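Report on one structure; see the data block that follows.
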Amino acid sequence: MRRLAFILSACLFFSTAGRAEEQTIRVALARSIVSATTLTAIDKGYFKHEGIRVEIEDIDSSVNAMALLAQNRLQVLEGGISAGYFNALEKGLPLTIAADRVTTPIHHKFLLRADLADGVKGVAQLKGRTIASNGQGAVTSYEIGKLLETAGLAERDVDIKILPFTQMAVAFANKAIDAALMISPWNVQAVDQGLAVPFADPDDYVTPGPLTIAVAFINTDWEKQNPDLVRRYMLAYMRGVRDYCQAYHGGANRQEVIDVLVRSGTERRPEMLEKYPWPARNPTGRVSVASLLDMQAWFAKAGLIQQELPAERLVNYTHVDYAVEKLGAFAVENQASTLRGCR
């Protein structure tokens with residue numbers, strides 16, 4: 001894990017007069033297009049206006065950073081939901097979900113190796129095949145499992161190979177895998193390179209929906225000791241969410257958000273940010289509770305967690321609800337947009 005204090009040189013839109021010395025909050029990010037929310041909030045001075053300095057740590061997976069969050073070495077963690085989160089709660093670790101990060105449409109894709117397209121026409125024909133996932137107990141495990149269930153199959157009926165998304169295209173090329181659950185941009189690249197073909201879309205087959213697959217976790221010990229700071233953090237964060245959602249729908253600020261992603265190194269090719277589909281999110285900050293509970297039940301059935309907890313143990317909306325009340329109702333500026341999500 002590498003640490004960087006992510007400070008973009010930009011004109012700040014808010015005065016910080018009257019604020020005490022800025023308080024630092026350490027935020028871990030699994031970098032993706034939706035990271036534009038936090039990066040834009042930094043760039044436009046939303047956090048600074050609230051007297052907050054955000055220090056970002058880049059991570060490959062939320063699974064690896066969950067222990068750091070529990071130890072309060074991080075205060076906020078943005079990443080995917082996994083079995084590790086439910087296990088951490090069962091152990092009584094001081095964590096909770098505070099806000100949505102990605103909710104339908106998520107633009108994950110289940111891909112089939114291109115040379116198998118003529119022979120594998122249905123889910124039942126995946127039996128005995130090698131399927132790549134980015135981690136045991138990751139949200140992709142749930143998505144693969146839900147697909148297999150549509151044909152009466154389970155993970156034991158296939159060979160699951162754990163690979164980073166960055167290595168899945170090579171595995172397709174070497175015929176080391178037959179299929180994979182991949183996220184953008186790697187799923188787009190694999191198809192463009194002729195290595196794989198789309199087979200199924202989790203947004204279509206995973207129920208109940210909408211599907212929430214990534215969130216902002218917070219340390220609850222830190223939250224209890226700093227309630228005003230957490231409220232201010234979430235207010236700035238939700239401003240960034242709204243900027244993201246306007247850009248998602250092709251709003252006037254879309255180029256501005258793309259520029260932030262490029263300057264931050266999240267994606268160095270601006271033209272690709274016009275090509276890749278952007279994941280959606282909920283502008284109210286709320287997750288899909290039905291989706292979260294189903295995911296928990298699936299992990300329990302798969303033996304990856306030992307206990308199922310009620311919704312109130314899984315999510316705390318206190319701070320995003322405060323932010324939404326302060327900001328008022330969200331409305332998409334580009335009324336011509338027909339995109340689902342971010343509404």
*Mind checking the full-extension length gain between Q255 and E90? Use 0.36 nm per residue of separation minus the Cα-Cα distance, one decimal, nm.*
55.1 nm
*Remind me, what semi-axes does the chain give for its equivalent ellipsoid, largest first in whole Å, using sqrt of 5 times each Cα gyration tensor eigenvalue?*
34, 23, 18
*What whole number of Å gives the distance from the Cα centroid of the range 120-156 to the Cα centroid of the range 246-271?*
34
*Suppose every K and R has +1 on its Cβ and every D and E has -1 on its Cβ; what is the size of the dipole of the range 109-200 about the Cα centre, in Debye to the nearest 20?*
60
*What list do you get for T338, T166 if you sort them by fewest beta carbons within 10 Å?*
T338, T166
*Please find, in a Gaussian network model of the chain (springs between Cα atoms separated by less than 10 Å), the residue of R313, R281, R156 whose mean-square fluctuation is greatest.*
R156
_Acute angle (nearest 10 degrees) that the helix 227-248 long axis makes with the longest principal axis of the chain, alpha-carbon atoms_ = 60
*Return a whole-number percent for the relative contact order of the chain, with Cα pairs under 8 Å and 6 or more residues apart as the contact set.*
25
*Highest GNM mean-square fluctuation, the chain, Cα pairs closer than 10 Å: which of V215, V241, V324?*
V324
_Whole-number percent relative contact order across the range 100-182, with pairs defined as alpha carbons under 8 Å at least 6 apart_ = 45
*Spatially proximal lysines relative to K275 (Cα-Cα < 17 Å; intrachain offsets below 8 disregarded)*: K109
*How many nm is it between the label spots at R73 and E274, if each spot is 7 Å from the Cα in line with the beta carbon?*
4.3
_Rounded, prolate or oblate, given the Cα gyration tensor of the range 274-343, with a/c below 1.5 counting as rounded?_
oblate
*Cα centroid distance between the range 17-80 and the range 285-343, in Å?*
19
_Projected-area average for the range 109-200 over all orientations - Cα convex hull basis, square nanometres_ = 4.9
*Under the Karplus relation 6.51 cos²θ - 1.76 cosθ + 1.60, θ = phi - 60°, what is the ordered set of whole-Hz ³J(HN,Hα) values for the range 110-123, x standing for Gly and Pro?*
8, 10, 10, 4, 4, 6, 9, 4, 6, x, 10, 9, x, 4
*What value, in deg cm²/dmol to 500, does the helix sum -39500 (n - 2.57) over DSSP H runs of n ≥ 4 give at 222 nm once divided by the residues of the chain?*
-10500 deg cm²/dmol
*Hey, with R₀ at 51 Å, roughly what FRET efficiency would V170 and E325 work out to, going by the Cβ-Cβ distance, to 0.05?*
0.60
*With a point put 7 Å past each Cα toward its Cβ, work out how far L309 is from A117 in nm, to one decimal.*
4.4
_Once you place label points 7 Å from the Cα toward the Cβ at R340 and E155, how far apart are they in nm?_
2.6
*Treating the angle as unsigned and between 0 and 90°, give the value, to the nearest 10°, between the Cα long axis of helix 318-327 and the longest Cα principal axis of the chain.*
60
*Specify the angular offset, from 0 to 90 degrees and rounded to the nearest 10, of the alpha carbon long axis of helix 254-263 from the longest principal axis of the alpha carbons in the chain.*
80
*For E21 and A290, FRET efficiency with R0 = 25 Å and r from the beta-carbon atoms, rounded to 0.05?*
0.05
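No lab work stands behind these numbers, since they all come straight from the coordinates. It should be emphasised that the depicted structure is a prediction, and the values quoted were computed from it without experimental measurement. When we count neighbours, we look across all protein chains shown, and the Cβ atoms used for this are built from the backbone with ideal geometry, even at glycine.
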